[in-house]
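The values are calculated or read from the model by the stated rules, or taken from the named source; none is laboratory data. What you are looking at is a predicted structure, and each value in this text was computed from that prediction instead of being measured. All Cβ positions, even for glycine, are placed from backbone atoms using ideal geometry, and neighbour counts span all protein chains on display. The area values use the complete protein model at the heavy-atom level, side chains included, leaving out ligands, DNA and RNA. Shrake-Rupley method; radii C 1.70, N 1.55, O 1.52, S 1.80 Å.
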Amino acid sequence: MSAETADALAAAGASQDDDRARVERAAREVLAGIDPATATTAEFLGACYDAGLAWVHFPVGFGGLGVPAGLQAVADAILAAGGRPDPFLNNPIGVGMAGPTLHGHADEQLRARLLRPLYTGENMWAQLFSEPGAGSDLAGLSTRAVRDGDGWVVDGQKVWTSLAHLASWALLLARTDPDLPKHRGLTYFIVDMHAPGVEVRPLRQATGQAEFNEVYLTGVRVPDAHRLGDVGQGWNVAMTTLMNERSAIGDSALDRGSGTIADALGLWRDRPDLHTPALRLRLAGLWTQAEAHRLTGERARVARTAGPPGPEASIGKLVGAELNQKIYDFCMDMLGPEGTLYDSYDDPADSLQRRFLRARANTIEGGTSQILRNVLGERVLRLPGDVRVDTGKPWRDVPRG
Amino acid sequence: MSSEFAWSAEQVELRRTVRAFAAEVSPQEEVRRLMASPLGHDPAVWSRLGEELGVLGLAADEEYGGAGDGLVSQAVVIEELGRALVCGPLLGSVILGATALGGLSDKAARAELLPGLVAGRTSAALAAPLHRGGFDPAAVTVTATARHSATSPGGTTSPGGTTSPGGTETTGHTLRGSVAHVLDGAAADLLLVAAAIGGTDGGEDGDGDTVGLFAVSADATGLVRESTPTMDLTRRQATVSFNDAPARLLAAAPEAATVLATTAETAAVLLAAEQIGAAQYLLDLSVEYARTRLQFGRPIGSFQAVKHLCADMLVLVEQARSVAYHGAWALDEGTDDPRIAASLAQSVCSTAFTQVAAMAVQVHGGIGFTWEHPAHLYLKRAYTDAALLGSAEAHQERLAQLVLDDAGGL
Ligand SMILES: Cc1cc2nc3c(=O)[nH]c(=O)nc-3n(C[C@H](O)[C@H](O)[C@H](O)COP(=O)(O)OP(=O)(O)OC[C@H]3O[C@@H](n4cnc5c(N)ncnc54)[C@H](O)[C@@H]3O)c2cc1C
């Protein structure tokens, strides 16, 4: 941390004490009022939402208490210890990305209608960003939204859309003006996944499962009231989503030894027959890296104020993704020949082998590690951008493929 | 009790003050002048740090001239001194000496010896084997022999002296042996020495049950100190030999081993603060260079190969900062096993600083390999720091024992 950020932190410190007490009290009251062991996930998370503990920095009445975001960890620690189901795992794109995007850019009516069922998981959410021709270069996307009366008509194809098969709502980035340079011709919408013209086709991945999909959008009507931000401002809104995506994915475990490192530690504990001195030191090294990652996340949580996460959240995403791969590489090496077995590609068990395969996607999804290093270099360290061949050109004249 | 990673307004101000002071008294030309001088530092600057700024004893108790603020504040200061490579007996006096003295149960010794160190008037050095990542009693190379004299009838026992059952009085000890790599040892006013009492080694089983901690003054007879040339010219070392040098017992067994083990943990955390300060400086320097150096008609920082090196340096520095300050907070507040917190700090920060130093040289190209450029000063500091209090591997081994072998860690 620079001296300047330390400065901001210290100033925030004093007034946080009262807020902290408020958050602690609210969390205890939730646990006193409803038992997570008997309530459904939706009921329990609904109680957390109503108590303002969904996103503590959101306004009262919208899942928050209007206190600094850094205090979310205080609520989470108490509620998780009391047996709260993990709201992020329950609806990752909804809770991790759509919630903060709606908070930042949707009007009061939309927020009042959408945030609660989003947090409880009654409405699953998906993210319609990536396309066959636009992955890392998201701003180059082709899906068109054309004005039609009091709404819009959307046509295009999205890909790698996680959870689209379960989602009732989705975040959509679409092109509204192909004659402007790519970043300036984009507009952001939310889309009802059950609207006519939305077709979801599962995509099978290396693990054998189909967590993500292709989504075809054909003449899909979106009311103008479902536009977030101004026409042509879609990129700014998308940045809110992406920064929250990275901070949500990159968020490290709260407790020592939990998170993905727990898989390696568990394997070590359960299989003394596979111990070797070299593996022992390698695991100690991974444990150390997991701690450095966890503590950096802890420090970021303390530093986080009411604002959205900044580009520095990319540190956690980058490190977490690469560390996961190293952890599951370790598990594979420790398992030896046993690791070469895989029970079923039709319905794979949640084995270490499956997790190993799944981890390969960690350095691609949510921004590749190369792109994240660009983000850290350019947006955090303020290094000059790469030479670009598409700057200032109308999107329609930029080569694609 | 402050929550971890919530720096107070005073600590933020402290950082600003020390950074400004370091910029004033320790510009690079001054570092280079001092590293070529016989003493290696400017005693006037050192005493200003102690007396004027009052930042050499922030973790020491107020009754000894310290501030009683704890390790987090001391770490902030050390980070800034490390950033500017301020020359002085930081390791000997502050990180090791004051820490060891502060841990003594002997109040009189603390009161006599600590205030000078805290004020920057005197300096100390610690001759004890800490280079394996903790205090290693089996590696003690000095032996202590008690000096006896007949008890005079009705006579009193001298301070620190003990009466032995044989009717003779122990009036002190003499030390024999030699210790290499004593940091800031050549110029120290006070030598703190780990020695095996009774002429044995550190104990058959090496558990330190015969080790005492002794004080030897600079003018003691039988004390021979030889400066050893170092790679890092800003940090001095000496080989210190004791030829029946008179010594005062500060802590007997088993206290001494405990004090030294705790000293090793605290020093691991404080040295980590120096490591991140210096690494942050190299990151800043490299980013600045990558923005301004042009090749192929563009700033080199626009090339991804260079940009990604800088991004990786940032990640290393940020992670190192987290574990270093976790260590300081954990030791202050007892929120973590101090052995784990200390080994985490040294293992992560040693790796980070050495890697960042190597990357900084690479980002700078040829200029980064010249004598004129600051990079080599930091590179040498990085590899020296990494070896002083246990290598990254030594600390990994300790962590493996604590976390993997002792099932309690799981
Ligand atoms: C499991 C999984 C789930 C996903 N879920 C979703 C989702 O729900 N919604 C959604 O919208 N998207 C989703 N994605 C898509 C994901 O965001 C993209 O895959 C990712 O952004 C990369 O795009 P791409 O696959 O087109 O690869 P490309 O962008 O074509 O990248 C190919 C390679 O080129 C490199 N590269 C590209 N540009 C640069 C550059 N400027 N500098 C250096 N290297 C570069 C990349 O790092 C990569 O190594 C998901 C992906 C995966 C794997």
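When A:S252, A:S247 are checked against the criterion of being in contact (Cβ under 8 Å) with a residue 12 or more places away in the chain, within 16 Å of the ligand (Cβ to nearest atom) and of a type outside the set (A, V, I, L, M, F, W, C), A:S247 stands alone in meeting it. Within the bounds of segment B:388-399, is there any residue that is open to solvent by 20 Å² or more (accessible area, probe 1.4 Å) and away from chain A (no Cβ under 13 Å)? Scanning segment B:388-399, I find at least one residue that is open to solvent by 20 Å² or more (accessible area, probe 1.4 Å) and away from chain A (no Cβ under 13 Å), so the answer is yes. Name every residue in segment A:246-271 that is among the acidic types (D, E) and modelled with pLDDT of 90 or more, in order of residue number. Listed by number, the residues that qualify are A:D263, A:D270. On the given criteria, is A:D230 closer than 22 Å to A:T391 by Cβ, part of a loop (DSSP other than H, G, I, E, B) and among the acidic types (D, E)? Against the criterion (closer than 22 Å to A:T391 by Cβ, part of a loop (DSSP other than H, G, I, E, B) and among the acidic types (D, E)), A:D230 does not qualify. Go over the candidates A:P384, A:P399, A:P337 one by one and state the one that is closer than 30 Å to B:A305 by Cβ, over 26 Å from the mean Cα position of the chain (by Cα), open to solvent by 70 Å² or more (accessible area, probe 1.4 Å) and not small (G, A, S). Just one listed residue meets the conditions, A:P399. Residues in segment A:135-154 that are surrounded by 19 or more Cβ atoms within 10 Å (Cβ to Cβ) and either without any contact (Cβ under 8 Å) to a residue 60 or more places away in the chain or away from the ligand (no atom under 12 Å from the Cβ) (or both): A:L141, A:A145, A:W152, A:V154.
Residues in segment B:283-342 that are under 20 Å from B:L58 (Cα atoms) and among the charged types (D, E, K, R): B:R321, B:D332, B:E333. Scanning segment B:282-337 for residues that are open to solvent by less than 40 Å² (accessible area, probe 1.4 Å) and of a type in the set (F, W, Y) yields a count of 2.
Residues are listed down the side, and each one gets a yes or a no for (1) aliphatic (A, V, I, L, M); (2) outside any loop (DSSP other than H, G, I, E, B); (3) surrounded by fewer than 24 Cβ atoms within 10 Å (Cβ to Cβ):
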| position | (1), (2), (3) |
| --- | --- |
| B:E30 | no, yes, yes |
| B:S47 | no, yes, yes |
| B:D69 | no, no, yes |
| B:A109 | yes, yes, yes |
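Read through the list (1) within 30 Å of B:T99 (Cα to Cα); (2) more than 8 Å from every other protein chain (Cβ to nearest Cβ); (3) basic (K, R), then give the number of the only condition that B:R321 fails. Among (1) within 30 Å of B:T99 (Cα to Cα); (2) more than 8 Å from every other protein chain (Cβ to nearest Cβ); (3) basic (K, R), the lone unmet condition for B:R321 is (2). The numbered conditions (1) more than 9 Å from every other protein chain (Cβ to nearest Cβ); (2) over 25 Å from the mean Cα position of the chain (by Cα); (3) open to solvent by 20 Å² or more (accessible area, probe 1.4 Å) are all true for A:L267 except (3). Within the option set B:D232, B:D244, B:D219, being farther than 12 Å from B:A194 by Cβ and without any contact (Cβ under 8 Å) to a residue 24 or more places away in the chain holds for one residue only, B:D219.
Among the conditions (1) in contact with a helix residue (DSSP H, G or I) (Cβ under 8 Å, 6 or more places away or on another chain); (2) touching a residue at least 60 places away in the same chain (Cβ under 8 Å); (3) away from every other protein chain (no Cβ under 14 Å), B:V363 misses just one, which is (3). A count restricted to segment A:269-290 and to residues that are in contact with a Lys or Arg (Cβ under 8 Å, 6 or more places away or on another chain) and either touching a residue at least 40 places away in the same chain (Cβ under 8 Å) or of a type in the set (D, E) (or both) stands at 1. For B:E80, the requirement of being open to solvent by 10 Å² or more (accessible area, probe 1.4 Å), outside the structural domain of B:L285 (by TED's automatic domain parsing) and not polar (S, T, N, Q) is not met.
Hey, can you tell me all the residues within segment A:281-299 that are within 9 Å of chain B (Cβ to nearest Cβ) and either surrounded by fewer than 17 Cβ atoms within 10 Å (Cβ to Cβ) or closer than 20 Å to A:A77 by Cα (or both)? Across segment A:281-299, the qualifying residues are A:L281, A:E291, A:A292, A:H293, A:R294, A:L295, A:T296, A:G297, A:E298, A:R299.
Filter segment B:1-39 for residues that are more than 14 Å from chain A (Cβ to nearest Cβ) and touching a Ser or Thr at 6+ places or on another chain (Cβ under 7 Å); which is nearest to A:E298 (Cα to Cα)? If we take residues in segment B:1-39 being more than 14 Å from chain A (Cβ to nearest Cβ) and touching a Ser or Thr at 6+ places or on another chain (Cβ under 7 Å), then B:V31 is nearest to A:E298 (Cα to Cα).
For (1) closer than 17 Å to B:L270 by Cβ; (2) outside the structural domain of B:G92 (by TED's automatic domain parsing); (3) buried (at least 17 other Cβ atoms within 10 Å of the Cβ), each residue gets a yes or a no:
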{"position": "B:R19", "(1), (2), (3)": "no, no, yes"}
{"position": "B:A22", "(1), (2), (3)": "yes, no, yes"}
{"position": "B:P27", "(1), (2), (3)": "no, no, no"}
{"position": "B:S37", "(1), (2), (3)": "no, no, no"}
{"position": "B:P43", "(1), (2), (3)": "no, no, no"}
{"position": "B:E51", "(1), (2), (3)": "no, no, no"}
{"position": "B:V55", "(1), (2), (3)": "yes, no, yes"}
{"position": "B:Y64", "(1), (2), (3)": "no, no, yes"}
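Scanning segment A:370-396 for residues that are near the ligand (Cβ under 7 Å from one of its atoms) and of a type outside the set (D, E, K, R) yields a total of 3.
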